[in-house]
Structure formats: C-alpha cells, structure tokens
Amino acid sequence: MANLKEVRNRIASVSSTQQITKAMKMVSAAKLKRATNAIVALRPYANKLKELLANLSASLEDGSSPFLVEREPKKVLVIVVNSNRGLAGAFNANAIKTANILIAEKYSEQLKAGSVSIVAIGKKAQEYYTRRKFDVIGNNNDVYLDLNFLNVSKITESIMEGFLKGQYDRVELVYNQFRNAAVQILTTEQLLPVPKAEKPKTEVTKGMQVDYILEPSQEAIVEQLIPKNIKIQLYKAVLDSHASEHGARMTAMDKATDNAGELLKALKLSYNQARQAAITTELTEIVSGAAALTGA
C-alpha cells in the first residue's frame, strides 16, 4: 500500500506540473505574438536605415563622424542581450556562451589586461558576469518592464558617450535574432565604430548614371543618421531577443508538457501494476485463510 501511495503522489505531482507547463506555454504564446509584431514592424525600417546610411557614408572620410573612426581596440565593451527569467531552454546560456567565445577568441589580450567591460541587458547575464568579477557597467534589468525605444535609447546614449570619451574603443553586440518560435539565431555584430560600408555600386538607368540631390548636405544627413541608426540597431537587437525569449520558452514548455505526459503514462502503468499486485496478494491471503479455516 505504501508503494501505491507513493505512486499516487508522484502522479498528482507530475499532473500538476503538466498543467503549469501548459499554462506557461499559453502565456508565452500570447506574449510571443505581441513581441513578434513589434520586431516584424521595426525590422524593415531598421534594415532600410542601415542600408541608406551605408550608401551615404561610403563616400565620406573617416573624420566625418566620430562614430566612424576606427581605433586600436585596447578597451572593449561587449553588450550581452538576454532575459530576466529562465525556463527558456538554453536561450540565456547560449547567448552568454557566444559572448564568452567572442571574448576568448577575438579579445583575449584585452581580457588578460582587464580591459573588457560588459553591458548586460537582462538579469541572467547581469548575474553571470557579476559573479565572475567582470566589469559590469550599470544595471539594465528593468528595461523589460517597459520595453520601448526611449528606454533602450538611454542605454545606447550612455554607450555612445563612453565611446566618444575613449572609455572603450570597440563595442560588440551579442543577441538572439528571432526567426520563428523554434529557431533563434545567435548573432554577433560590431555596434561601434559603425562598420565601414562598401562603396555602393553605380546605379545605371537607360545607360545614364543616377545622381541624388541631398538637402541640406550629405554630411549633415549622415551626422543625424549615424546616432539614430546606432540607437535603432540596439533597439532592434533587444526586440529580437525579446521575441526569441518567448519563442524559446514556449518551445521549452511544449516539450516539458509532452515529457510530463509520457511520464504520466509510465506512472499510471506502474500504479495499475502495483494495484493489481496488491489485489492479487489480498485475494491469495483470503483464499489461504479460508482454506486454513476449512481444514481446521
């Protein structure tokens, strides 16, 4: 009977867990829809702005904007974007692992010199790098409480200011790019200095070169676009990561629900076997007792 009670308790526990994972999957699915709408709406604008800036800045000199100036990367800042919560499979661990590989392979000398700093957007990365005694700048865990362009821009402005002051010579960005609920692509991008674009190909229409009239001037437009583009690119990365988080959590909870269902089947089979064994034992004892009384 003790065995039956133990199996019943396990069945109740697994059944409760299965209900919780189902509920969490539904919540993540609803949040994923909103997060997907946000990144899908922003992505074409961000990509077009990046393309436009590339076309305009390709013909400019390096000194036309301080954000284009390449310096020897003696001081490096790595922005790691993940989440405040777990239960999303390997979502957070993979982003941190990718950032660690980037630092180890590309900036090992700077790491040895203690010249690698971290900006963590998400509690998991914040805790991970703080425990390992990295130079973690600021605390941005609250950004997900009200995720919007203005709040992310405050982080970007602080990073841009640090770059201009020479606090770091290069800024790298690591995040999960959202593809769909089941697929998140780990992405590493150089945020600062803005990577140099290749000179745009000559556009020819009917055998004649097309020229553009820019007002007030190409330099003035680029001067305004570069800071805006930097802010948009980081905001896009955060939205990508936010959607990826909910997709990863929904997938993880779906798998957990399926696993709980398989475990329930196995436990119910064990329970039925134990119950049958108990009934058989009781019947045997009854028959043996009756036989003993008859013999007496």
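The values are calculated or read from the model by the stated rules, or taken from the named source; none is laboratory data. Quick caveat: nothing in here was measured; it's all calculated off a predicted structure. Methodologically, a virtual Cβ is constructed for each residue, glycine included, from the backbone with ideal geometry; neighbour enumeration extends over all protein chains shown. Accessible surface areas use protein heavy atoms only, side chains included; no ligands, DNA or RNA. Shrake-Rupley method; radii C 1.70, N 1.55, O 1.52, S 1.80 Å.
Summary of computed values
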| item | result |
| --- | --- |
| Equivalent ellipsoid semi-axes, the chain, via Cα gyration tensor eigenvalues times 5, rooted, Å | 60, 22, 14 |
| Surrounding net charge for LYS31, when Lys and Arg each add one and Asp and Glu each subtract one, Cβ distance under 13 Å | +4 |
| Cα-only Debye scattering, region 101-183: base-10 log of I(q)/I(0) at q = 0.20 Å⁻¹ | -1.12 |
| Spacing of the two label points (7 Å from each Cα toward its C-beta) at GLN167 and GLN224, in nm | 2.8 |
| Protein accessible area in the chain, 1.4 Å probe - carbon and sulfur % | 55 |
| The chain: relative contact order as a whole-number percent, Cα under 8 Å and 6+ apart | 32 |
| Dipole axis of the chain (+1 Lys, Arg; -1 Asp, Glu on Cβ), positive-most option in ALA260, VAL222, GLN273 | GLN273 |
| Accessible area in the full protein assembly, largest first, 1.4 Å probe, for THR21, THR280, THR294 | THR294, THR280, THR21 |
| Equivalent ellipsoid semi-axes - Cα gyration tensor, region 66-108, angstrom | 27, 13, 6 |
| Stretchable slack from THR130 to ASN148, in nm (0.36 nm times residue separation minus alpha-carbon distance) | 3.9 nm |
| Cα-based equivalent ellipsoid of region 216-296: semi-axis lengths in Å, sorted from largest, via gyration tensor | 77, 6, 4 |
| Size-normalised alpha-carbon gyration radius of region 1-126, reference 2.2 N^0.38 Å | 1.70 |
| Mean shadow area of region 256-296 over all directions, Cα convex hull, nm² | 2.3 |
| Local electrostatic count at VAL40 - Lys and Arg +1, Asp and Glu -1, tallied over other residues with Cβ under 12 Å | +4 |
| Antiparallel DSSP beta bridges within the chain, percent to nearest 5 | 45 |
| Rg over Rh [alpha-carbon atoms, Kirkwood Rh] for region 53-167 | 1.01 |
| Amide H partners (placed H, <5 Å) of SER117, local residues excluded | VAL76, LEU77, VAL78 |
| Solvent-accessible surface ranking, highest first, for THR36, THR156 at 1.4 angstrom | THR36, THR156 |
